[in-house]
Amino acid sequence: MARYTGPTSKKSRAFGQPIFGYDKAFERKKYVPGQHGNKRRRKQKSNYGLQLMEKQKAKYTYGILERQFRNTFEKASRKDGVTGEVLFQLLEARLDNTVYRMGIAPTRRGARQLVSHRHIMVNGIVTNIPSYSLRPGDIISVRGKSKNLEVIRTSIAANNDVRKFPWLEWNADTQEGTFLEYPKRDQVPEPINEQLIIELYSK
């Protein structure tokens, strides 16, 4: 399964945001990486540079490599509706992302691992494809024999308030939740300017 396995703190510093989740190293050094750190004057980015950085930020945030991200964008552009909003709907509907949003895993990387290791079920069927696209009404649950895993129990105890994501419903007692609907763009908290991504791919 293709995925980014490089340094996360360095990427977060390059984008100026903790895109992989809370990061102690990023909190200590909230400036771009490099030999001269924040003392070096940086050139102003061109329009293309800004567009490229926004696309890269979205890719690394959701843990998707280039080909898969472009395929997702092309799928969004073919659907009815605003392309930017549909793009986020497709990204948020990924199984690994939903497992993360529900608090079953503390990070998207952790969620992807839980899915690929067959700890997660969709509609009662074990599903080990992190990119699996959920539909409204799908039920996501922790596999029976996996419910007592320490990593899952700890994550659920620390992240049991899924109400901030109104398109999801979660029951921490049964470790089961529902993907209610595709989210609206203003409901998705990621600070990504999708218009720049659209401009980049429209060239």
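The values are calculated or read from the model by the stated rules, or taken from the named source; none is laboratory data. From a predicted model like this one, the values you see are computed outputs, not experimental measurements. Every residue, glycine among them, receives a Cβ derived from its backbone with ideal geometry; neighbour counts consider all protein chains shown.
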Does Val142 fit the bill of being crowded, with 18+ Cβ neighbours inside 10 Å, assigned by TED's automatic domain parsing to the domain that holds Ile197 and in contact with a helix residue (DSSP H, G or I) (Cβ under 8 Å, 6 or more places away or on another chain)?
-> no
For residues that are surrounded by fewer than 18 Cβ atoms within 10 Å (Cβ to Cβ), among the aromatic types (Phe, Trp, Tyr) and at pLDDT 90 or above, tally how many sit in the stretch 29-86.
-> 1
Residues in the stretch 141-155 that are farther than 17 Å from Leu95 by Cβ and part of a helix (DSSP H, G or I) total 6
Selected residue (criterion: nearest to the chain's Cα centre (by Cα)) from residues of the stretch 165-179 that are assigned to a strand (DSSP E or B) and not aromatic (Phe, Trp, Tyr) | Leu168
Could you tell me whether the stretch 87-103 includes any residue that is at pLDDT below 95 and surrounded by fewer than 22 Cβ atoms within 10 Å (Cβ to Cβ)?
-> no
Over the stretch 104-139, the set of residues buried (at least 17 other Cβ atoms within 10 Å of the Cβ), over 15 Å from the mean Cα position of the chain (by Cα) and of a type in the set (A, V, I, L, M) is Ile120, Met121, Val122
Yes/no for Thr98 being part of a helix (DSSP H, G or I) and touching a Phe, Trp or Tyr at 6+ places or on another chain (Cβ under 8 Å) | yes
Consider only pairs whose beta carbons are under 8 Å apart and that are at least six residues apart or on different chains; among these, list those whose first residue lies in the stretch 153-180 and is under 10 Å from Ser141 (Cα atoms) and whose second residue is among the acidic types (Asp, Glu).
-> Trp170/Glu176; Gly177/Glu169; Thr178/Asp138; Thr178/Glu169
Would you pick out the residues in the stretch 67-95 that are more than 27 Å from Thr174 (Cα to Cα) and in a loop (DSSP other than H, G, I, E, B)?
-> Lys79, Asp80, Gly81, Val82
Looking at this structure, is Glu199 in a loop (DSSP other than H, G, I, E, B), in contact with a helix residue (DSSP H, G or I) (Cβ under 7 Å, 6 or more places away or on another chain) and touching a residue at least 60 places away in the same chain (Cβ under 8 Å)?
-> no
